[in-house]
Amino acid sequence: MTSGKTTSGKTTSGKTNSGKAEYDRSECTACRGTGKLISGFGGTPHEVTCPWCGGDGKFHPGRDAQTGEAIETAAAD
């Protein structure tokens, strides 16, 4: 008899043990995939390009939102 659970803590139905759907890391979480945020900097709310995804709405591992550039990784020797 199988329980439907994998060793990663997720069930074979694609949900975690808590019943929530599996997290999708392809979409930028800061802007929810829209590529835009509302900034209150300067006192007046206005729309700006999301610094975490650069405006494309996709998650970029290693991207530095402070500089707007991807973090360079050292080549393995």
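Brief remarks on what is shown
- Restricting region 28-58 to residues that are in a strand (DSSP E or B) and of a type in the set (Ser, Thr, Tyr), the residue that is nearest to the chain's Cα centre (by Cα) is THR49.
- Residue, surrounded by the fewest Cβ atoms within 10 Å (Cβ to Cβ), within region 59-77, restricted to residues that are modelled with pLDDT of 70 or more and not in a loop (DSSP other than H, G, I, E, B): GLU69
The values are calculated or read from the model by the stated rules, or taken from the named source; none is laboratory data. Please read all numbers here as calculations on a predicted model, not as lab measurements. Cβ coordinates were reconstructed from backbone atoms using ideal geometry, including for glycine residues, and neighbour counts include every protein chain displayed.
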